[in-house]
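The structure under discussion appears below in the form of structure tokens.
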Amino acid sequence: MNLLKLFLKKNFKILIVSYFMITSATIFSQNAIAELKFEEAETAFNNGNYELTIQKTDEFEKVLGGITDKSLYLRVASQNKLFNPANFYTDEKQFTLYNSLTENAEKYVNATANNGLDDKFKEIYAIGENLKKLNLPKEKTIWIKEKQRIEKEELARQRAKLEQIEQYKKTFEEFTIDDLPFGQTIEEFQKQHPDILAENYKMSKTKWAAGTDEDLIYACHSKSIAFENKENFLLPYNSSTGAPIYDTTIHLVLVKNGRIVGFQKTIFYFNSKGQGNLTYSEAISETNKYVEKFKAEFQSYGNKATDVIPYYSSQNQWSWITADKKGVHLYSDNYVDEKNPKRWKSSLTLRVFKDYK
């Protein structure tokens, strides 16, 4: 015992110095690691990796043993980048983040209020004020109740949208020309509509389908009618006089396997001779009006993600077609004489086709 006391007495100063040296080295080592963690947090923040920033900030504060102004700033700035009010009621993580962000922003402002108005203080203060303006609930029960209300409204909205889509589909499916029915035999159709398809009519085989006789589509029309576009049966004219057909009655009936599957009529025919009393640009505008009318009626504007009915357009042709081979087509023909621009014509033709099986 006396030897121990003697040893401590002789080596007391050495022991004290050694203790302080070890303690200092440990503190220095911890500070170095903490600074390294903070540098990693800053790098992550500058690279836009805000989740990693928060992770490295946690590690920094754990090593250091507490929160600092600079670590709290990085935490608030990163949380603010991750916070998305639009998903507040759809993602519970956003609710948790909102509460943490609000609390941390308030902590920072209170802790640094006496340090002067530097840019970081102004930034975090502005974040806190914006959070107040959002006025979002912090209590879980209130958040759940509001979340359920929004979900119920969204469900009702989606249900109404689906009902509306079904209505547009039904409108398309039922669409025809002049209320004429599909699927009748030629004989049945002739009896009911002798004015459209007289007994003495012309039947021409189209090139729109190939295969057996049951697959072929025929174009039936009066023998007094011919077409400028013979392949597609467009631009009808009087075969005797050569004059364009201006009226808007049905001038073509489509037949497949002995059944009526389509109709075609001229919506309008304007030209420089006076039919319609329009200028050429006005006539073109009429075409655009009809195209927009059909787009609205079928809710199909050329966006595959939102169109109710698949929509296709090419030069002077606009089509709405479903997989079961129901199609509504608009064909436009516009011509201006290069030598005499005062001579022009503009027409729009409507064709409806529904495959009958």
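What are the lysines whose alpha-carbon lies under 19 Å from the alpha-carbon of residue 107, with same-chain residues fewer than 8 places away excluded?
Qualifying lysines at Cα under 19 Å: 62, 70, 81, 120, 122, 132, 133, 138.
I'd like to check one number: the per residue accessible area of the range 182-267, probe 1.4 Å, reported in Å² as a whole number. Don't skip to the answer; put the middle values down first.
Details: 4510 Å² over 86 residues.
Value returned for the range 182-267: 52 Å² of accessible area per residue.
For the range 243-308 and the range 131-179, compute the distance between their C-alpha centroids and round to whole Å.
Centre-to-centre (Cα) distance: 35 Å.
Taking H placed 1.01 Å from N in the peptide plane, check which residues at least 5 places from residue 201 or on another chain put their amide H under 5 Å from its amide H.
When sequence neighbours closer than 5 places are left aside, there are no close amide H contacts.
How long is the gain from residue 153 to residue 179 if the chain were fully straight, where each residue apart is worth 0.36 nm and the alpha carbon distance is subtracted? Don't skip to the answer; put the middle values down first.
Values: separation 26, 0.36 × 26 = 9.36 nm, distance 3.87 nm.
Gain in length upon complete extension: 5.5 nm.
Using a probe of 1.4 angstrom, how much of the accessible area of the range 120-177 is carbon and sulfur, in percent?
Numbers: 2380 of 4460 Å².
Exposed carbon and sulfur together represent 53 percent of the surface.
Could you work out the local net charge near residue 251, counting Lys and Arg as +1, Asp and Glu as -1, over the other residues with Cβ closer than 11 Å to its Cβ? Before the final figure, lay out the partial values.
Details: positive: 265, 351; negative: 247.
Every neighbour counted, the sum reads +1.
For mean projected area of the Cα convex hull in nm², several values are listed as (i) 20.0; (ii) 16.9; (iii) 38.5; flag the one computed from this structure.
Matching entry in (i) 20.0; (ii) 16.9; (iii) 38.5: (iii).
If contacts are Cα pairs under 8 angstrom and at least 6 residues apart, what is the relative contact order of the range 41-185 in percent?
Worked out over the range 41-185, it gives 17 percent.
Could you grab the relative contact order for the range 260-325? Cα pairs under 8 Å, six or more apart, rounded to a whole percent.
14
Just to verify a number: FRET efficiency for residue 325 and residue 160, C-beta to C-beta distance, R0 = 25 Å, to 0.05? All intermediate terms of the calculation are to be shown ahead of the outcome.
Values: r = 30 Å, r/R0 = 1.19.
Plugging the Cβ-Cβ distance into 1/(1 + (r/R0)^6) gives 0.25.
In the Gaussian network model of the chain, springs joining C-alpha atoms below 10 Å, which of 291, 328, 63 carries the largest mean-square fluctuation?
Taking springs between Cα atoms under 10 Å, the residue moving most is 63.
Sort 309-321, 334-346 for me by packing, meaning the mean count of neighbouring Cβ atoms within 10 Å per residue, highest on top.
Values: 309-321: 15.9, 334-346: 12.9.
Packing order, densest peptide first, comes out as 309-321, 334-346.
Using a 1.4 Å probe on the protein chains only, how many percent of the accessible area of the range 217-279 belongs to carbon and sulfur? Don't skip to the end; give the middle numbers.
Numbers: 1270 of 2710 Å².
Using a 1.4 Å probe with all protein chains present, the range 217-279 comes out at 47 percent carbon and sulfur.
With the cut-off at 1.5 for a/c, could you classify the range 148-290 from its C-alpha gyration tensor as rounded, prolate or oblate?
Values: a/c = 2.69, a/b = 1.46, b/c = 1.84.
Judged from the Cα gyration tensor, the range 148-290 comes out oblate (a/c at least 1.5, b/c at or above a/b).
Using a cut-off of 14 Å between alpha-carbon atoms, which aspartates and glutamates can reach residue 326, once sequence neighbours fewer than 8 places away in the same chain are excluded?
List returned: 173, 174, 355.
Quote the FRET efficiency, to the nearest 0.05, computed for residue 119 versus residue 91 with a Förster distance R0 of 35 Å and r equal to the Cβ-Cβ distance. Intermediate values should be presented prior to the final figure.
Working: r = 31 Å, r/R0 = 0.88.
The pair residue 119/residue 91 has a calculated efficiency of 0.70.
Give me the extension gain from residue 314 to residue 249: residue separation times 0.36 nm, minus the current Cα-Cα distance, reported in nm with one decimal. Mind dumping the intermediate values first?
Working: separation 65, 0.36 × 65 = 23.40 nm, distance 2.57 nm.
That works out to 20.8 nm of additional length.
Kindly provide the helix-only [θ] at 222 nm of the chain, computed as the sum of -39,500 (n - 2.57) over DSSP H runs of four or more divided by all residues, to the nearest 500 deg cm²/dmol? Show your work: numbers first, answer last.
Numbers: 8 runs with 172 residues, N = 357.
Calculated mean residue ellipticity at 222 nm is -17000 deg cm²/dmol.
The values are calculated or read from the model by the stated rules, or taken from the named source; none is laboratory data. This is a predicted model, so every value here is computed, not measured. Glycine gets a Cβ as well: all are built from the backbone with ideal geometry, and neighbour counts include every protein chain shown. Heavy atoms of the whole protein, side chains included, go into the accessibility calculation; ligands, DNA and RNA do not. Shrake-Rupley method; radii C 1.70, N 1.55, O 1.52, S 1.80 Å.
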